[in-house]
1. For a test of the definition: using alpha carbon positions, the gyration tensor, and the 1.5 limit on a/c, classify the range 29-149 as rounded, prolate or oblate.
2. With Kirkwood's inverse mean 1/r over C-alpha pairs for Rh, give me the Rg to Rh ratio of the range 64-133, two decimals please.
3. Say each of residue 92 and residue 142 gets a label point 7 Å from the Cα, pointing the same way as Cα to Cβ; how far apart are those two points in nm?
4. Could you list 94, 87, 110, 32 in order of exposure, starting from the residue whose Cβ has the fewest other Cβ atoms within 10 Å?
């Protein structure tokens, strides 16, 4: 009788181990659940508040627009990216807002302990959704236009 119980227990353990990777999948959702809103923001790179974007790669600024604001990041001299600050995780939480970590190496929703890389992909915490990204057009040497894709 005990032998049958052990066989059954091993069989259940076998299936549990086989199904665990499927049940605990950490696949990233490539489409942000953050709703679309009308976005058309211009950033004058000659303005004092935009100076960080003009001086060095890896710098960023926060601007108004979107749902909870926008993060504009300079990848290189003429390559910029913009992300919505509304976190894609637990959007109903009033504190659910993305900021740049003090190290400037990644983005964080400190309310829900979710982290993101500078591509907008989740890197830590319970979230599996990407950040909402806006289109950035480099119009000339001193103007960026940020819009919905």
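1. prolate
2. 0.95
3. With each label placed 7 Å out from Cα toward Cβ, I get 4.8 nm.
4. Values: 94 7, 87 29, 110 15, 32 18.
Ascending Cβ contact count within 10 Å gives the list 94, 110, 32, 87.
The numbers here are math on the coordinates, done by the rules we state, and not lab data. If you're wondering where the values come from, they're calculated on a predicted model, not measured in any experiment. Cβ sites come from the backbone with ideal geometry, for glycine too, and all protein chains shown count toward neighbours.
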